[in-house]
Every structure is written in C-alpha cells, then in structure tokens.
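J.: I have a structure here, written as structure tokens, and I will follow up with some questions on it.
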Amino acid sequence: MKRTVPWWLAVGSLLFALLAPATARTRPRYGGILHMETRSDPLKAPDGAARRLLFDTLTQVNDSGEVVPALAVSWESQSANHRWQFHLRTGVHFHDGSPLTAEAVEQSLSAACTHCGWRVRAVGDSVAITSESPMPGLPAELTRSMYAITRQGADGNPNGTGPFRFVANSNGIVFLSANDDSWQGRPFLNEIQIYGNRTIDEQWLDFSVGKADLVEVPAEKLSLAQQERIPLIITARPTDLLALTMSDQLITDPHLRQSIALALDRTSLFNVIFRKQGEITASLLPNALSGYSFLFDTTMDVGRARALRGGQSVAVRLGVDSSNAALQLIAERLALNLREAGWTVHVVSQATNPNAELSLRLLHVEAADAQSALRETLADFGSGLHDDISDPASLYRAESAFLQSHIVVPVLYLPRAFGVSARVHNLVLSPSGVPQLANVTAEDVR
Amino acid sequence: MSLRQKLLLVFSFTVVLAVATVAWIVSLRTRQAFTKADEQHTAALIDQFRRELRGRAEDVAVRVDELAASDHVVRIAVDLAANSDPSPYMAEAASLARDHQLDYLEILLPDGSIVSSAQYPARFGYKEDLKLAGDQPSFLKKEELADGTNEIGLFALRKVPGSEPPLYVLGGKRLDRGFLANLAAPADSQILLYPALTANFDASAIVSSAGAVERATRFQPIIEQARSTGQERRSVIYLTERREDSVDAAAIPMKAPDGTVLAVLVVANSRRALVELQQHIRAIGYGVAGVGILLTIVASLWITSRISRPIEQLADAASAVAAGNWDTQVEISSRDEVGDLAHSFNHMTQQLSEQRDRLVQSERVAAWRELARRLAHELKNPLFPLQLTLENLIKARGMPSADFDEVFRESTETLSAEIANLKNIVGRFSDFSKMPKPQLEDVDVADVLRKVSALYEPALTQHQPPIGFECRISDEPLRVSADPDLLHRALSNLVLNAMDAMPNGGRLTIEAGRRGESVELRVSDTGTGMTAEECERLFTPYYTTKQHGTGLGLAIVQSVISDHNGTIRVESTPGSGTTFVVELPSAVASAAKA
C-alpha cells in the first residue's frame, strides 16, 4: 500500500520550514560581540557606560520605575527612616572570584558616600546604613550608579559583580566579556566593546557603515536621526535637565538673577535646536515624574528683565563645556537673549573659567521617582531635601522654594536616545536612559 | 684780515656755494623724482587693491549667486514656502558656506529673520538689519560673531530665484590677512588693514599679510584721519627715529553702504631707497665739497700768494717809505697791473729820494742863508755901536784932555760891552755848531725832571707876577738811554722858554709818563700861544718870537732830542698856551732796538 503524506501535513511542514528560521531568529541566542560607542570615558564614574555592566547596586529600578532588589534582596527601615538595613543576596561573587560580603559592601558604600552623612556598617549578611537625617528614599537613592558596589582588584582593574567583567582597556576601547557566574544569569552577549571619547559624528559614521551597533543620539540630533531613518530607542521620559546656574556670590542681587531668568527664550531652543524633543521646563523635575512641572512659569519677559536689571551695566561670563557643540550653541543663544535684556555676556569655556558668574549645565537625573529625583537634583546643585516628603504638594513647595532664589534656572528637559543597529535585539533603556545590555542579543556571531 | 685770507675766504665760499647749490638741486630733483615714482607706485598699488577688491566682490557675488540658485537652497525655499517652520534648516548655512567657500552665510526670510547663520548659528530667528531689495552690488559689512568679536567682510545679497515668499542668501568673505595676501605687494611695500571695529584706535587690530605689524601705533594718525574724514589720506610716516625707516603711506577708507568707515587700508611704500640715495648724494656732495674746499684752499694759497705777495711787498715798501726809507724799491715780478703798480712805486720812491735830496740841499742852503742872515743881523747890532764909539773917539781927539778922557772912558766901556756881546754871540754859535755827542747811559727821567724842577721852582715862585708850577711824574719806570747833562740842558731850555712865554704870570706844568715803548715828557705853559706858522718855524736856528735871545735854544733842544733818537713837537693854539711834547724811546725799547 502506498503511503501518502496528507496535504495538510505537507503544507504545515512547509510552513514550519519557512517560519522556523524566523522563530529561531527571534529566540535569544548566546554569543556575539556588541560594538558600542560613547562620547565620554566608559569607565568614568559615576555613570560611564561600562559601569552599569561591570557593577551592580544594592537596588535597581525596573521598567515600571519601581525600586526592586539587586544585590540586596530585601530591606527595611527603622527609627523613622534614620536607619535602613539591607540584606544581601547570597552566592554572589565579584569578578575576581571573591564573595560579595557585607564588609565589601560597607567598604564600597563608605568610599562612595563621603559627604552623604551616612554611616555604613556591616551587620552579618546585611548592611546597615544610618544617618542623623531621615532617609526616606534611600532604597531609590541606592539605585544610582554612584553607589555601585565595587571592590579593588589585585590587578587594579575594575572589579564588580555585574553581568560583564573587565577584560582590557586599550586605546580608549574598553573590552568586556560575559560573566558566566553572574547572579543575574549569563548575559547573551559574549563580549562588549565600548569605544569611548567618540564624537557624535564619528559614532554616526561608524553606525552608518555598520561598525557600531549602539551609538548615542543627543537630543538635538534626534530629529535628524529620524529623518535619516536611524533605528532609535528613546527614553520614555526626559532624563537630562538643561539648566542655567548662577553664582550667588558673584551675582548677589536677587533682582539681577531674576532678570536673567526672565530673559531666557526657551521656546526658540526647544523649537529650533531640539526640534521639539523633550519639554520646556522651569522646574527641576520633568512633568512625567512630578506632574506639576507646568506650574512653573516658562514665559520670557524681556521688558521685565530689563527693568529688573535697572540701569546697571553688568558684564558676566557664561561658562559652558566648549567640547559640546550643542551646549556651546545653546550658551551663545542664551547670551543673545541676555544681551536683549541689556546684559553683556561672554561665553567662555567652563574648564578655564570655573568661577564664571553663569554656568550652563546638563544634568542626568537617574532617580525614577519624584522624591529621589528631587533629592538627587538638589544634591547636584549643592542643596538638599532633608524632609521625608513624597506627596506632590510638598515636593512642589520644596522645589518652588529652591527655585525662588533663581540660583538655578531650569531651561529644558531632554530625552536620551540611542541608535541601534538591526542586529541588536531586546535592547531596552532604563527609566534613566541607561541601555540594559545584559539581556541584549546580537544577530550574528562575529 | 689780510688780503690773502680774504681771497681764501672768497674762493672757498664760492666753491662751497657752488657745490652746495648743485647738491641741493640734485637732491631736490632726485627727491621729486622719487616722490613722483613713489606716488605712481602707491597709486598703482591702490589701483591694484581696488581691482582686487572688485574682483573679490565679483567673486563673492558669483558664489552667492551659485549658492542661491543651487538645488539645495531652492529646495529649502520651496520647503519654507510650503511649511513655514525654518527650524529644520538652522544648521544648513554652515555646510553651505563650506561647500561654496564662503566665510559668512546667512539664509534670511523676507522680514530679515535669520533662518540659519554659518558664522553665528545662535542668531537664528534674529533679524538682519539690511534692506532686502533683491540683488545688490557687493558691499562691506561688519559682522558680529559668537565670541563677541567683530569682523569686516565683503558681502553679497541675493534672492533665491523663484522663491515666493522670497528667501534671501547673504554670503560673504572675510577681509583679513588672507585677502591682503592676494595683493601682490612688492618687497619694499606693505599693505595693512585696520578694521575699524572699536571707537578708540586699537593698534593691535592692524594686520598685514605677514601677520602682526611692528610699530603699528605709528600709523594711528593717518588711519584716524581717513576714518574721521572718510577721505583718502597720504602722509610720510617715520617708523623709527631713522629716516631710512620712513614710509610713504596712503590710507584708504573702506565704507559700508551707509557711508560708515568699516576699515582702513594702508598702503605703505618704503622710502629707504630714496633716503639712502639722498644720503648717498649728500655724502658725495659733502665729499666733493670737502675735496673742493681742500683743493680750493691749496689753489687759493698758491693763487693768493701770487696775487698778494707783490701787493704785500708793495705794502711793506710803502711802510718802509713811511718810516723814512724813501729809497725803497720793490721787485717787479709781473707785467700786469700789479707789475705796473710796482714800477710806479719804484719811480715814486726814486722821485721822492731825489726830491728829498734836493729839499735837503735847498733846506741846507736856506738854513745856511738864514744862519748867515741871523748871524749878520746879530753881529751887526753890536758892530754899529762899536763903529759909533770909534767915530766918537776919533772926534774926541780934538777935545780938551779932560773931555777927551771922559769920552775915552765912556767909549772904552761901550767898546768892551759890545765886544763882550760879540764874543757871546760867537760863543753861542760856536756852542751850537759844536754840540757834543751824547754820552748815553741809563737815566731815570723822573730824576732829571726833579732836578730841573728844583732848579727853577724858586725862580717861578719869585717871578712877578708869580708863575704856578706843577710837576706830575708817572709811577711807571721812566728809564731812558740818554746823556743826563744834555737832557737836563734841553729840559731847562724848555722851562726857560715857558717862563719867557708867561711875562704876566701863569702856570707851568711838567708831566712825564710812559706812552707805549716811549717816555713822553710834556712842558706846558699858559702863555699867549703861537700860530701854526710860528710852530712850523719854531725849531729853526735863530728863529725867535722873543725880544731877546739868540733863537738857538729850541734848535739846540731839537738837536739834543734828535741825538737821543727822540722826537719833539709843539702843540699850541693862540690864546691857549703852548705844550712841548718830547718822546724818548724807553730803555727797554732802546735795548731791543740795539
């Protein structure tokens, strides 16, 4: 008797044969090398691109913005948030094979926090952190890369517990290899090469010829990248605060500081330079975090700015990172705005003029919740948030009180974005805009 | 100044004047020629610059035209017309400027708003203060940059063809060292550019094709003049204290369309060649003048010696004649006027000698005649009474003896007296003829005068009426080489004569003092004085104005003084008295002469 294959089986097999490679393609595969490029030094603290791959923190932020366990599996607060105790994950080892201990965590956190006001103490398999001030947001605080747990290796190389271990740093290229013993599980990629100190043009050129898999796309070039159809991944919310800071010791008259704040034309910057990427702001926190950002007035009022300046002929320097062309352009634009209000402004390099009266800064806000973000931002500006406040109204009052002095004038909130080549899969960004490379796969094995 | 010196001066002055005049004329003409050449050179450079500027302007215009008509810009214009959001083109100008090799580029909306600026990207949205009226000739414009500095550029404004609403392109090239480098300035010329970007002069802003300019402040006056007047200015500028480092500078104001001076171009030609040539000419002139003067002096010395020597000889001869050497002769060494003069001089002195001899002879004859006349006259006076007395005596022979004795006695007395008188006359004549030669010795004239004064002062005092006497002797040494006795005698005669001249009293003054190399003695009276004729004849033997006397006294005095190599003269005016002035060579002069 002749055995015939049923037509449905043949068709099904054919379909399976066609679809199987696609399915295989989408299924994570181990192996591959990822070529990443950044403008900064990958190993530079606190947020060099390699650090999140080499080191872990006690806590981390998930995709939803929640604080979840990392090296610490649990924690509790005592004494009205004056004391926290973090219980460490067991079975975690540093890249050099040494175990993660409470003493190592104590040592690392104590070194990272010389001005925090914390006292870190190993207690058995946990770490206790105490402070004279309440620390209601400490778990969120500890998600920041500056509090990554590191341990000095015998060879002096970076030594952490992250999914990737340090291999070499040669000619500005940081070579990382997969940590097979990572507590998070071995990452899919075998190796990551991070090319540091690359300009945006260089990164895009490498990206366009297929040399780079992951490149930075600054906010001012997002529109252009979109025009050029570069595959992008963008943070869900703005993460970088562009702000103008003033020295209250050099510009002591609050009216003058207010004059400066009123002379800024945020709209032009937002519309023209950033092509409506990000958001205009006069607040320290983005609206996505605080929800009340719109309450801060962003209107430009040159007439009032002139009036507040009075008849004084004031000459000031505006310091900026002159290696960043976008910031340089923004600084020059702000200088023009201020000249309209009667100010004489000279744009200077921040490096050679650290004591300039004005300074244009771009701050990365890592924290995922409003309180932590406000605390982090205030700390960046030399202030603090000591009260345990989490409700929006209190946060607004605290933020408003700080901004009233006009020592810091927020200008824009900008997103972070990366160009991602087609061979890279499963790349997500943390809420703060850090590429999560532990779960990334690369299509081809090089 | 001697004739030779005068001739030397005249010749030298003539040569110097001639050489100086020639050198000045040559220098002046050279300077004029060089100045003219400089002006032409400068004018040529200025023309070249203007051509270059026009060329640059055309080049800018062509580039901006191409850019405005380019597909890229036209597409931008179309996009903007369709979608009025200019923000996507904010960064376009920089790349367009690079592609079209422009230093400045702005894309402008119809209202002048800047869509994109290559030189000042942050100025997007701001308005350019320009009249946008279609294609315009290229123009100068001051451009403000992001770093706060200003630059001057050559711009062209073009409307993008077919754009509606119109889109404009404002492009330009910087006016800087690179622009100056295109001006092929000769090696001895400099072309400088001063961008007038500040109200006050800023020397550091002056640039040349070689970069910074040394001593830029020296150009400040001409630049400020050109800037303030808006007119071209020319001037000589000294870059250092040395003339060789001066330049002939022309400042050309470069203006914006509204007439504002935005920059000043300075064309500076080095004057080194001119100055060095002038100095060279001057040096040659000085050298030639110096050599000429030297030669002139040598020639003058020879010429003047040839000219002046005969004249000097004549002058010396004339002096010798004046000194009494009447038979002086000069050498006749030429046949010109000087030779004629010498010949005439010799003839003159010969004539003088002959005349003097004749005069001496005739004077001698006249003197002898006068002497014979005077002697006859003197002798006749006593001889007549002698004759009368003898005649009386002869007559008295016939008288009684008592009467005869009386007459005999009176006659013999008369005869004795007259014979004594005769003897006196003859004695004095004999004395005069036998004046002894002086026995010279060193004599103090003051002593002799004191002796004479002592001898005659009593007589003067006792004279009726009395005669006042004053003796003034100088404190200087008054030593002479003389015979003290003869000198005493001569002075005594003068004193006696003075006394005789004042029968009615008066004053006698004797003075003695040095007068050069002579000792001067003056015997003055306040008598009636004498006429000029009387003065001339005073020293003639037997001439007298007195009733008594032989008339030989002053002749003897003159003879004595003459034997002492002295002189005597009389100064007298009728009614004012008489002064006899005796000059004797002093003992030192006499010794020197000896």
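J.: Grab the helices (runs of 4 or more DSSP H) fully contained in the stretch A:316-431, keeping just those with 1 or more residues being of a type outside the set (Gly, Ala, Ser), surrounded by fewer than 16 Cβ atoms within 10 Å (Cβ to Cβ) and more than 13 Å from chain B (Cβ to nearest Cβ).
T.: A:392-403
J.: Would you check if B:THR414 is open to solvent by 80 Å² or more (accessible area, probe 1.4 Å), at pLDDT 80 or above, of a type outside the set (A, V, I, L, M) and over 29 Å from B:HIS564 (Cα atoms)?
T.: Criteria not met by B:THR414.
J.: How many residues are touching a helix residue (DSSP H, G or I) at 6+ places or on another chain (Cβ under 9 Å) and either outside any strand (DSSP E or B) or among the hydrophobic types (A, V, I, L, M, F, W, C) (or both) if we restrict to the stretch A:187-198?
T.: 6
J.: Looking at B:ALA196, B:ALA203, B:ALA283, which is the one that is free of Cβ contacts under 8 Å to residues at least 40 places away in the same chain and touching a helix residue (DSSP H, G or I) at 6+ places or on another chain (Cβ under 8 Å)? Write out each step before concluding.
T.: Details: B:ALA196 fails: free of Cβ contacts under 8 Å to residues at least 40 places away in the same chain; B:ALA283 fails: touching a helix residue (DSSP H, G or I) at 6+ places or on another chain (Cβ under 8 Å).
Answer to the selection: B:ALA203.
J.: Within the group A:SER40, A:SER131, A:SER74, A:SER126, which residue is surrounded by fewer than 17 Cβ atoms within 10 Å (Cβ to Cβ) and over 30 Å from A:ARG198 (Cβ atoms)?
T.: Only one candidate passes the filter, namely A:SER74.
J.: Restricting attention to the stretch B:286-303, which residues are in contact with a helix residue (DSSP H, G or I) (Cβ under 9 Å, 6 or more places away or on another chain) and among the β-branched types (Val, Ile, Thr)?
T.: Hits for the stretch B:286-303 are B:VAL288, B:ILE293, B:THR296, B:ILE297, B:ILE303.
J.: Kindly indicate whether B:VAL60 is aliphatic (A, V, I, L, M), over 30 Å from A:ARG333 (Cα atoms) and away from chain A (no Cβ under 14 Å). Even if it seems obvious, please write down each step before you answer.
T.: Working: aliphatic (A, V, I, L, M): yes; over 30 Å from A:ARG333 (Cα atoms): no; away from chain A (no Cβ under 14 Å): yes.
The answer is no for B:VAL60.
J.: Next question. Residue by residue through the stretch B:324-339, note down the ones that are modelled with pLDDT of 80 or more and open to solvent by less than 90 Å² (accessible area, probe 1.4 Å).
T.: In the first step, residues of the stretch B:324-339 are kept if they are modelled with pLDDT of 80 or more; the result is B:325, B:328-332, B:335-339.
Scanning the stretch B:324-339 gives B:ASN325, B:THR328, B:VAL330, B:ILE332, B:ASP336, B:VAL338, B:GLY339.
J.: From the list B:ASN504, B:ASN565, which residue is at positive phi and open to solvent by 80 Å² or more (accessible area, probe 1.4 Å)?
T.: Values: B:ASN504 fails: at positive phi.
It is B:ASN565.
J.: Further question: Can you give me the number of residues within the stretch B:105-115 that are more than 23 Å from B:ALA263 (Cα to Cα) and either more than 11 Å from chain A (Cβ to nearest Cβ) or surrounded by fewer than 21 Cβ atoms within 10 Å (Cβ to Cβ) (or both)? Quick ask: steps written out before the conclusion?
T.: Our first condition is that a residue be more than 23 Å from B:ALA263 (Cα to Cα); within the stretch B:105-115, this holds for B:107-115.
From the residues that got through so far, the ones that are either more than 11 Å from chain A (Cβ to nearest Cβ) or surrounded by fewer than 21 Cβ atoms within 10 Å (Cβ to Cβ) (or both) too are B:107-113.
Adding up the residues that qualify gives 7.
J.: Looking at (1) in contact with a strand residue (DSSP E or B) (Cβ under 7 Å, 6 or more places away or on another chain); (2) open to solvent by 30 Å² or more (accessible area, probe 1.4 Å); (3) in a helix (DSSP H, G or I); (4) not β-branched (Val, Ile, Thr), find the lone condition where A:LYS211 falls short.
T.: Answer for A:LYS211: the failing condition is (3).
J.: When residues of the stretch A:244-269 are filtered for being free of Cβ contacts under 8 Å to residues at least 60 places away in the same chain, open to solvent by 30 Å² or more (accessible area, probe 1.4 Å) and either polar (S, T, N, Q) or not in a loop (DSSP other than H, G, I, E, B) (or both), how many remain? Spell out how you get there, then give the answer.
T.: So in the stretch A:244-269, the residues free of Cβ contacts under 8 Å to residues at least 60 places away in the same chain come out as A:249, A:252-253, A:255-256, A:267.
Of the ones still in play, those that are also open to solvent by 30 Å² or more (accessible area, probe 1.4 Å) are A:249, A:252-253, A:255, A:267.
Cutting the leftovers down to either polar (S, T, N, Q) or not in a loop (DSSP other than H, G, I, E, B) (or both) gives us A:249, A:252, A:255, A:267.
Adding up the residues that qualify gives 4.
J.: Considering the stretch A:18-62 alone, what residues qualify as being at pLDDT 85 or above and farther than 30 Å from A:SER110 by Cβ?
T.: Hits for the stretch A:18-62 are A:TYR30, A:GLY31, A:GLY32, A:ILE33, A:LEU34, A:HIS35, A:MET36, A:GLU37, A:ARG39.
J.: Right, another one. Can you tell me which of B:LEU130, B:LEU154 is within 30 Å of B:ASP202 (Cα to Cα) and touching a Lys or Arg at 6+ places or on another chain (Cβ under 6 Å)?
T.: Details: B:LEU130 fails: touching a Lys or Arg at 6+ places or on another chain (Cβ under 6 Å).
Step by step, each of B:LEU130, B:LEU154 is checked, and only B:LEU154 is within 30 Å of B:ASP202 (Cα to Cα) and touching a Lys or Arg at 6+ places or on another chain (Cβ under 6 Å).
J.: Same structure again: Within the stretch A:108-127, work out how many residues are in a loop (DSSP other than H, G, I, E, B), closer than 15 Å to A:PHE86 by Cα and without any contact (Cβ under 8 Å) to a residue 12 or more places away in the chain. So that I can check it myself, show each step before the final result.
T.: First, the residues of the stretch A:108-127 that are in a loop (DSSP other than H, G, I, E, B): A:113-117, A:124-125.
If we keep only those that are closer than 15 Å to A:PHE86 by Cα as well, we get A:124-125.
Okay, now just the ones that are also without any contact (Cβ under 8 Å) to a residue 12 or more places away in the chain, so none.
Here the count works out to 0.
J.: A:GLN227: at negative phi, within 14 Å of another protein chain (Cβ to nearest Cβ), among the polar types (S, T, N, Q) and open to solvent by 10 Å² or more (accessible area, probe 1.4 Å), yes or no?
T.: Details: at negative phi: yes; within 14 Å of another protein chain (Cβ to nearest Cβ): yes; among the polar types (S, T, N, Q): yes; open to solvent by 10 Å² or more (accessible area, probe 1.4 Å): yes.
Yes: the conditions hold for A:GLN227.
J.: While we're here: Look at B:LEU102 and say whether it is in a loop (DSSP other than H, G, I, E, B), open to solvent by less than 20 Å² (accessible area, probe 1.4 Å) and more than 14 Å from every other protein chain (Cβ to nearest Cβ).
T.: On the way: in a loop (DSSP other than H, G, I, E, B): yes; open to solvent by less than 20 Å² (accessible area, probe 1.4 Å): yes; more than 14 Å from every other protein chain (Cβ to nearest Cβ): yes.
So B:LEU102 passes the test.
J.: Hey, another quick one. For A:THR130, work out the one condition from (1) over 24 Å from the mean Cα position of the chain (by Cα); (2) not in a strand (DSSP E or B) it doesn't fulfil.
T.: Here A:THR130 meets the rest and fails (2).
J.: Now a separate question. Quick one: how many residues across the stretch B:36-64 are of a type outside the set (A, V, I, L, M) and either touching a residue at least 40 places away in the same chain (Cβ under 8 Å) or surrounded by 13 or more Cβ atoms within 10 Å (Cβ to Cβ) (or both)?
T.: In the first step, residues of the stretch B:36-64 are kept if they are of a type outside the set (A, V, I, L, M); the result is B:36, B:38-42, B:47-52, B:54-56, B:58-59, B:63.
Those still in the list that are either touching a residue at least 40 places away in the same chain (Cβ under 8 Å) or surrounded by 13 or more Cβ atoms within 10 Å (Cβ to Cβ) (or both) too: B:38-39, B:41-42, B:48-49, B:52, B:56, B:58-59, B:63.
Of the residues in that region, 11 qualify.
J.: Give me a count of the residues in the stretch A:283-295 that are surrounded by fewer than 19 Cβ atoms within 10 Å (Cβ to Cβ) and either within 14 Å of chain B (Cβ to nearest Cβ) or not hydroxyl-bearing (Ser, Thr, Tyr) (or both).
T.: Of all residues in the stretch A:283-295, those surrounded by fewer than 19 Cβ atoms within 10 Å (Cβ to Cβ) come to A:287-288, A:291-292, A:294-295.
Those left that are additionally either within 14 Å of chain B (Cβ to nearest Cβ) or not hydroxyl-bearing (Ser, Thr, Tyr) (or both): A:287-288, A:291, A:294-295.
Matching residues across the stretch A:283-295 total 5.
J.: So, of the residues in the stretch B:63-90 that are outside any helix (DSSP H, G or I) and within 14 Å of another protein chain (Cβ to nearest Cβ), which turns out to be nearest to the chain's Cα centre (by Cα)?
T.: Step one: list which residues in the stretch B:63-90 are outside any helix (DSSP H, G or I), which gives B:70, B:83-86, B:90.
Next, from what is left, pick out any that are within 14 Å of another protein chain (Cβ to nearest Cβ): B:83-86, B:90.
Details: B:ASN83: 95, B:SER84: 92, B:ASP85: 92, B:PRO86: 88, B:MET90: 84 Å.
In this case the residue turns out to be B:MET90.
J.: When the stretch B:239-259 is examined, which residues are found to be exposed (fewer than 15 other Cβ atoms within 10 Å of the Cβ) and either without any contact (Cβ under 8 Å) to a residue 24 or more places away in the chain or farther than 24 Å from B:GLN136 by Cα (or both)?
T.: Passing the criteria: B:THR240, B:GLU241, B:ARG242, B:ASP258.
J.: How many of the residues making up the stretch A:349-403 are among the charged types (D, E, K, R), at pLDDT 90 or above and within 24 Å of the chain's Cα centre (by Cα)? So that I can check it myself, show each step before the final result.
T.: Here is the first cut: in the stretch A:349-403, the residues among the charged types (D, E, K, R) are A:357, A:361, A:366, A:369, A:375-376, A:380, A:387-388, A:391, A:397, A:399.
Next cut, at pLDDT 90 or above only: A:357, A:361, A:397, A:399.
Next, only the ones that are within 24 Å of the chain's Cα centre (by Cα) stay: A:361, A:399.
Result for the stretch A:349-403: 2.
J.: Restricting attention to the stretch B:260-284, which residues are open to solvent by 10 Å² or more (accessible area, probe 1.4 Å) and within 24 Å of B:VAL26 (Cβ to Cβ)?
T.: Residues satisfying the conditions are B:SER270, B:ARG271, B:ARG272, B:ALA273, B:GLU276, B:LEU277, B:GLN279, B:HIS280, B:ILE281, B:ARG282, B:ALA283, B:ILE284.
J.: I've got another one for you. Report yes if some residue within the stretch B:443-459 is under 26 Å from B:MET499 (Cβ atoms), touching a residue at least 24 places away in the same chain (Cβ under 8 Å), of a type in the set (A, V, I, L, M, F, W, C) and in contact with a Gly (Cβ under 6 Å, 6 or more places away or on another chain); otherwise report no.
T.: No, every residue in the stretch B:443-459 fails to be under 26 Å from B:MET499 (Cβ atoms), touching a residue at least 24 places away in the same chain (Cβ under 8 Å), of a type in the set (A, V, I, L, M, F, W, C) and in contact with a Gly (Cβ under 6 Å, 6 or more places away or on another chain).
The values are calculated or read from the model by the stated rules, or taken from the named source; none is laboratory data. Fair warning: this is a prediction, and the values are worked out from it, not measured in the lab. Positions of Cβ are backbone-derived with ideal geometry, glycine not excepted, and every protein chain shown enters the neighbour counts. Surface accessibility is based on the protein's heavy atoms, side chains included, excluding ligands, DNA and RNA. Shrake-Rupley method; radii C 1.70, N 1.55, O 1.52, S 1.80 Å.
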